[in-house]
Each structure stands twice: as C-alpha cells, then as structure tokens.
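Visitor: If you scroll down you'll find the structure; I have some questions about it.
The values are calculated or read from the model by the stated rules, or taken from the named source; none is laboratory data. The structure presented is a predicted model; accordingly, all values stated were derived computationally and were not measured. Because the Cβ atoms are built from the backbone with ideal geometry, glycine has one as well, and the counts that use them run over all protein chains shown.
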Amino acid sequence: MNSLDWIVLIAYFGVMVGIGLWSHKRVDDVSDFFTAGGKMPWWLSGISHHMSGYSAVMFTGYAGIAYTYGVTSFVTWSLPIAIGIGIGSKLFAPRLNRLRSRLHVASPLEYLKNRYDLRTQQALAWSGLLLKIVDVGAKWAAIATLLSVFTGMSLNQGILITGVITGIYCTVGGLWADALTELGQFIIQLFAGIAMLVAVMGELGGFSALWTVWDKLPSGHADATAGPYTVTFLLAFLFIKMFEYNGGMWNQAQRYMATANAREATRSARLSAVLWLVWPLVLFFPMWCAPLLVKAQKPDASDSYALMTEQLLPHGLLGLVIVGFFSHTMAMCSSDANAIAAVFTRDIAPTLSKAARGWSERAGLLAARLSTISFLALSMAIATQVNSPTFKDIITVVIKWVAGLMGPIAIPFMLGLLKPFRRSGPTAALTSWALGLLAFWLVNYPINWNTDGGVPLQYQVSVPLAVSLVLYIVIGFLKPEDSPGRDVLLARINGEGGGDGSGLTAESLKVPAQAKPGGDGRQPGDREDTGSGSGPVSG
C-alpha cells in the first residue's frame, strides 16, 4: 500500500463513523436501536441482510477453497444459502416480522419465554451468545490477516483497528447505522469486485476468459463438488444454512423484524436470495483463476486472493479492494454485535438482575450500547487465539464450529414459529438442544470414523442439527406440551384471522403476563403501547 491506498482506507473509516453519528439521531429507544422501529425499507433490509451474511472469510478461507477446488466453492456455499433464503422468504421472514409488529418485542428470543419457558430461552440465549463470540472472533482474525498482507501490521494491531472503528458506529447508531453502512459497503464492494474481475480477465485474455480459462485450470476445477465438499456436504449445508440465514443466528432475523410488515419482510428476503445467487459469482471468478496468476504461500491458500490483488491492481484500486474486504467483515460483525446486545439486554439481563427488569427507556438504551461494546471486546480477545491449536484455522471455526453448533440453537427457535410443531414444548426444546451439543462434541472430538483420524466434514456439521431436529419432532409427538397460551401466541405469529391477523381481537391474543420478567409483561426500555389492549403483545 502507498499513500493513495491509505487515503482511500482512512476515508472509508471516516465515512463509516460519520454514518454512525448521523444514525444516532434516529435512535430514541431500544426498539430503534435493535429493530429500527420497524421503519426500514424492504430494499435496505434486503441489502443489509445480504451484506451481514459474509465477511473477510470470503476472501481468505473461501478464497483458499476456490484456489484449491474451484467451482465447488460457489456450489457448496453461496448457492445453498440463496436457495435456503428463498425458501425462508415465505416460511420464516413474515413470521419473524410479526414478532415485532404484533408482539412488540425487540429481541428475536423474547418470544421464547411464552413459546416454551424461561429455562429454554436462557439456554438458547447463553449458548448462542458464546458461539457468536467465537464466530466474530474468527472474522476479526480474517480481516486482520488480510491487513497484515498489505500493510505488515501485526494480527493484534489489525484486530484492534477494525474492532474499534466498528464499535464506534454500531454502538452509537444501532441497527440504523448497521444497515446504512452496509448499503455504503455494498456500493463499495460492487466497484471493488468489478475492478478485480476486469483486472483478472485482462490478465487472462479479455472477456473471453470467462469461457476459455477452464482448459488451463487444474483438473477438476470446474467440478460442482470436490474434495471434502461432497454432495452429502452440499445437502447438509443447504439444510443448515436455511435455518442459519433465515434468523437462526439472530442478526438476519433482525433485518426481517425491522421492516414495516410481513409482506415487506418477504420482499427483503427475496432480494437477499437474488444477491446471494448472483453477486458471489463475480467475486469467485478471480479466485477460481488464481492458480494461473499467483502461488499461494499458506498451506490452506487463504492468502491467494490478497496476493493476486496486490499483483494486479494499481494503487488506489488496491485500496478500494481492501476497503471491500473490510466492508463485509465490519457489516457482519456489527450486525452480530447488535443482535447479541439485544439478546443480552432483553433476555438475559432481566433474569440476572431485578434492577434490569425496571430499567427506564434511557437506562435500557445505555445498557444496549454497553452490551455492544462488551461483546466486541470479548470477540476481539478471542480473535487473537483463533489460529491456536484449539481452533486450528479460520475456516475451521467458521465451517465446523459455527455450522455444527448453530443447529441445536436454531431448531427450537425457528421451528417454534411454525404451527405444525406447536406440540413440541420445553422438554422437546431443551432435550434437542442439549443432545445436539453433545452430538457436536462426539463427532468432532472423541469419535474417529476413518483412517485419517477424524469424522468426514459433512458429518461434523450435519449430525448435530439432524440429532436436534429428530429429537425436537419425536419428543413433541411422544410428549406433547400444548397450551392455550401457546396456541394464541402462534396464531399471532402466523398472522391468522385475515391478512396479517387483523381479524383476531387484542384481548383474545393476549399472552400471559406472568411469563415475562417482572410479571407485568414489560421488558426493559419498552415504549408504552399505542394500540388497543395493553402490554407489549397487544396489537
């Protein structure tokens, strides 16, 4: 990098902080901070949903997969995500929106107290929080790895710089700041990705390289599945990502909750699905061509894209592409921080402290910001250990730990929204969660199924989710735990009674207040309901 690249990078950081400060004016309470008050346009929500779904791991870990195996990087990663979000646009997006628009909650997990019980909500909240700290730590390490290639900064210096900048804008501006910076980041990434695509095509013979390059690439580079990324892995990944990217990891759920109504949430999801189908092709093509242009230095080839960028792009454009790396990581990490802060302040803190149940609007907002800072600090501390023997490398954390552990957390949360599973109560939820986590531990550590001394990757990520899914359904069938209050709650979430549920009266849809912390049905920082009825679930 030279001075021109540094100017581009510093200007980018300045714009991100400026957007955060501007967004501060739009945040009056916790509803604005966590769900944009339900005022986010569907197209902004869709772009934000897409941008918050991947990070610099795309340009390190997945670049290594593309360098080594080729087209399978798209077929077994981006394609199943696009399909999963497309399915979820009708199945989950409108229901998640109704959590806010009809139940008036600010955290995705708030409804779990009434859907199951307090123990279930806390189990899912704590386990998800710990997993997200590790997940975001891996993403800080990924962007710091790229920064070190270009600038020579140490890993810890890179983590500190990116973490502090992200912390400023997402703490000040909440979800509005996240979404608006993600819009800006999308525009930057659009130019950066196209610049890299043009540079690679120019190096390999022009536009015709799109179809002539395949004969020059290593054998099998055009195969849909290769190496450990088999058809079984593809099907398992599709199933996992359908839950994760439709709200199972919470930050995407917030994007659906932030739109005005269920229909807008569906449109948001469809836009995100289209972006996942099209845009990664632009990013991946240079990575597929990388073996013809550079020789990776790292064993996992995670440095291949950075080396290619450094070799092909002039100064200025180099800085723009580096900004593109930052944009994805900061988008995902800030959205995760906001989601975790929502879960902590709305779901965990009220069970730990009686004072938290009576927080004023101002105190609730302050707690949200402090929680965001705390989460970012913990994840940055974890990032310094992400290449330790425990975690092995960045891609191990993202694929094995996150994909493998997400299922047991997401199954009770996501399927709890659907009426066909209404008989699966607290016993089914807690058992499926606990034994799913146990299954992850067994297939990743004590059990050896092949001569290489480890379980095949597709089973590492799919077995925990499969165990949780089967137990959740079977226990719900053998030990049904139905209740009138649960049926009322599901009626609201599923929009029954005409359109978005307007045919149901506020009184008939009231959820028992005693299930809420403090006994009055209110959460820290809730605004007074302006609709008919009373309490945070009246419409």
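Visitor: Do any helices (runs of 4 or more DSSP H) lying entirely in region 162-263 carry at least 1 residues that are hydroxyl-bearing (Ser, Thr, Tyr) and closer than 30 Å to Arg100 by Cα, and which ones are they?
Guide: The qualifying helices (runs of 4 or more DSSP H) are 251-257.
Visitor: Out of (1) more than 22 Å from Gly64 (Cα to Cα); (2) surrounded by 22 or more Cβ atoms within 10 Å (Cβ to Cβ); (3) at pLDDT below 90, the odd one out for Gln189 is which?
Guide: Going through (1) more than 22 Å from Gly64 (Cα to Cα); (2) surrounded by 22 or more Cβ atoms within 10 Å (Cβ to Cβ); (3) at pLDDT below 90 one by one, Gln189 breaks only (1).
Visitor: What single numbered condition from (1) under 26 Å from Ile47 (Cβ atoms); (2) touching a residue at least 60 places away in the same chain (Cβ under 8 Å); (3) buried (at least 17 other Cβ atoms within 10 Å of the Cβ) fails to hold for Ile161?
Guide: Against the list (1) under 26 Å from Ile47 (Cβ atoms); (2) touching a residue at least 60 places away in the same chain (Cβ under 8 Å); (3) buried (at least 17 other Cβ atoms within 10 Å of the Cβ), Ile161 comes up short only on (2).
Visitor: Then there's this: Of the numbered conditions (1) surrounded by fewer than 24 Cβ atoms within 10 Å (Cβ to Cβ); (2) among the small types (Gly, Ala, Ser); (3) over 25 Å from Asp215 (Cα atoms); (4) out of contact with any His (no Cβ under 9 Å at 6 or more places or on another chain), Ala273 fails exactly one; give the number of that condition.
Guide: (4)
Visitor: Out of curiosity, is Asn246 polar (S, T, N, Q), surrounded by fewer than 21 Cβ atoms within 10 Å (Cβ to Cβ) and either within 21 Å of Phe413 (Cβ to Cβ) or in contact (Cβ under 8 Å) with a residue 24 or more places away in the chain (or both)?
Guide: In short, no.
Visitor: Something else now. Residues that are over 20 Å from Ala63 (Cβ atoms), under 16 Å from the mean Cα position of the chain (by Cα) and hydroxyl-bearing (Ser, Thr, Tyr): find the helices (runs of 4 or more DSSP H) completely inside region 265-359 holding 1 or more of those.
Guide: In region 265-359, 317-343 are the helices (runs of 4 or more DSSP H) which contain 1 or more residues that are over 20 Å from Ala63 (Cβ atoms), under 16 Å from the mean Cα position of the chain (by Cα) and hydroxyl-bearing (Ser, Thr, Tyr).
Visitor: Pairs please, first residue from region 224-243 and within 11 Å of Tyr459 (Cα to Cα) and modelled with pLDDT under 85, second anywhere and surrounded by fewer than 19 Cβ atoms within 10 Å (Cβ to Cβ) and small (Gly, Ala, Ser), Cβ atoms under 9 Å, 6+ apart in sequence or on different chains.
Guide: Short answer, once both residue conditions are applied: Ala236/Ala466.
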